[in-house]
Structures are given as structure tokens and as C-alpha cells.
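Participant: Before I ask anything, here is the structure I am working with.
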Amino acid sequence: MTHSVAELAGFKAQILRRRWITSLAFLLITFPLYGLLFSRRQGAVFGIGPGGWVAIWMALAAGIALLCFRLWRCPACGGWLGQLSTIAVCPGCGVRLR
Ligand SMILES: [Zn+2]
């Protein structure tokens, strides 16, 4: 299937946006780890103890994994793009993503 130049540019823009969202999500996942670290040293942080921070981290990790699984798909064919964020071509349909 051939796509117009505008469609191809739109696919690249969508992938760039999705890369940013997933990168921010992975940055966000580190915050409960700081809570865990500090609560183990000096007691509850924001009223949450170490066990609470582990629970928050696990819930966040599960949510982010689900988000990445749903988001990290080819904008052209909807196929899963794999685990590499540096992917340049969709393995399913061959659309250029960079
Ligand atoms: Zn594709």
C-alpha cells in the first residue's frame, strides 16, 4: 500500500510524539524509587512508608507497560514495533518511521 507524502510525514510525527510520551513515562517510573530510598532511610515520605512506595512503583510500572504496549504501534498498520525505540522502519508494513 502506498501512502502520500503528507501521510508519511504524519506517521513520522506520530512516532516522534509517541517516543516522547514513552520516554517521559520511563522517567516518571523512577520517582517512586526515590520515595522508597528516602523512606527506608528516614521514615515515611509524604506519609508513605517503603511498602507503599513499592506498591506505587509496581502499579506505575504495570500502567506504563500497558501504555507502551498500546502506544508503541505503527501508525500505518497498527503492528507492534518491538522493544527498540530506535526502530526506523516498521517490520510489518515497511513504512519509514524516521
Ligand atoms: Zn506498519
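Participant: Please name all residue pairs, on different chains or six or more residues apart, with Cβ atoms under 6 Å, provided the first residue is in region 75-89 and is free of Cβ contacts under 8 Å to residues at least 40 places away in the same chain and the second residue is more than 12 Å from the ligand (Cβ to nearest atom) and among the basic types (Lys, Arg).
Facilitator: The qualifying pairs are 88/98.
Participant: Which of (1) touching a residue at least 24 places away in the same chain (Cβ under 8 Å); (2) within 14 Å of residue 95 (Cβ to Cβ); (3) touching a helix residue (DSSP H, G or I) at 6+ places or on another chain (Cβ under 9 Å) is the odd one out, the single condition residue 14 does not satisfy?
Facilitator: Only one criterion in (1) touching a residue at least 24 places away in the same chain (Cβ under 8 Å); (2) within 14 Å of residue 95 (Cβ to Cβ); (3) touching a helix residue (DSSP H, G or I) at 6+ places or on another chain (Cβ under 9 Å) is unmet by residue 14, namely (3).
Participant: Return only the number of the condition from (1) in contact with a Ser or Thr (Cβ under 8 Å, 6 or more places away or on another chain); (2) farther than 21 Å from residue 29 by Cα that residue 74 does not satisfy.
Facilitator: Here residue 74 clears every test but (1).
Participant: Right, here's the next one. Report, by residue number, each residue of region 88-98 that is outside any strand (DSSP E or B), at pLDDT 90 or above and more than 8 Å from the ligand (Cβ to nearest atom).
Facilitator: Going through region 88-98, the residues outside any strand (DSSP E or B) turn out to be 88, 90-95, 97-98.
Then keep just the ones that are at pLDDT 90 or above; that gives 88, 90-95, 97.
Result: 88, 97.
Participant: Still on this structure, I have one more. Let me confirm something: among 10, 47, 43, 52, which residue is surrounded by 16 or more Cβ atoms within 10 Å (Cβ to Cβ) and of a type outside the set (Ser, Thr, Tyr)?
Facilitator: Details: 10 fails: surrounded by 16 or more Cβ atoms within 10 Å (Cβ to Cβ); 47 fails: surrounded by 16 or more Cβ atoms within 10 Å (Cβ to Cβ); 43 fails: surrounded by 16 or more Cβ atoms within 10 Å (Cβ to Cβ).
So the residue among 10, 47, 43, 52 that is surrounded by 16 or more Cβ atoms within 10 Å (Cβ to Cβ) and of a type outside the set (Ser, Thr, Tyr) is 52.
Participant: Among the residues of region 39-49, is any of a type outside the set (A, V, I, L, M), outside any helix (DSSP H, G or I) and touching a helix residue (DSSP H, G or I) at 6+ places or on another chain (Cβ under 9 Å)? Full working, then the answer.
Facilitator: Step one: of region 39-49, the residues of a type outside the set (A, V, I, L, M) are 39-43, 46-47, 49.
The next check asks that each one be outside any helix (DSSP H, G or I); those that pass are 43, 46-47, 49.
Now narrow it down to the ones that are touching a helix residue (DSSP H, G or I) at 6+ places or on another chain (Cβ under 9 Å): 46, 49.
Taking every residue of region 39-49 in turn, at least one turns out to be of a type outside the set (A, V, I, L, M), outside any helix (DSSP H, G or I) and touching a helix residue (DSSP H, G or I) at 6+ places or on another chain (Cβ under 9 Å).
Participant: Next question. Tell me which of these residue 52 doesn't satisfy, since it passes every other one: (1) over 20 Å from the mean Cα position of the chain (by Cα); (2) within 15 Å of the ligand (Cβ to nearest atom); (3) not aliphatic (A, V, I, L, M).
Facilitator: Going through (1) over 20 Å from the mean Cα position of the chain (by Cα); (2) within 15 Å of the ligand (Cβ to nearest atom); (3) not aliphatic (A, V, I, L, M) one by one, residue 52 breaks only (2).
Participant: Follow-up question, since we're still on this one. So residue 17 clears everything in (1) within 30 Å of residue 2 (Cα to Cα); (2) at pLDDT below 90; (3) away from the ligand (no atom under 16 Å from the Cβ) except one condition, right? Which one?
Facilitator: (2)
Participant: In region 82-98, which residue that is of a type in the set (Gly, Ala, Ser) and surrounded by 10 or more Cβ atoms within 10 Å (Cβ to Cβ) is farthest from residue 10 (Cα to Cα)? Quick ask: steps written out before the conclusion?
Facilitator: Residues of region 82-98 that are of a type in the set (Gly, Ala, Ser), as a first pass: 82, 85, 88, 92, 94.
Now narrow it down to the ones that are surrounded by 10 or more Cβ atoms within 10 Å (Cβ to Cβ): 82, 85, 92, 94.
Numbers: 82: 20, 85: 18, 92: 18, 94: 15 Å.
So the residue we want is 82.
Listed here are the residues, each with its yes/no results for (1) in contact with a Cys (Cβ under 9 Å, 6 or more places away or on another chain); (2) hydrophobic (A, V, I, L, M, F, W, C).
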site: 19; (1), (2): no, no
site: 69; (1), (2): no, yes
site: 74; (1), (2): yes, yes
site: 84; (1), (2): no, yes
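Participant: Name the one entry in 95, 45 that is within 30 Å of residue 16 (Cβ to Cβ), more than 20 Å from the chain's Cα centre (by Cα) and of a type in the set (A, V, I, L, M). Don't jump to the end; show me each part of the working.
Facilitator: Numbers: 45 fails: within 30 Å of residue 16 (Cβ to Cβ).
Exactly one residue qualifies, and that residue is 95.
The values are calculated or read from the model by the stated rules, or taken from the named source; none is laboratory data. On a predicted model such as this, the values are computed, not experimentally measured, just so you know. Heads up, the Cβs are rebuilt from the backbone with ideal geometry, glycines too, and the neighbour counts pull from every protein chain shown.
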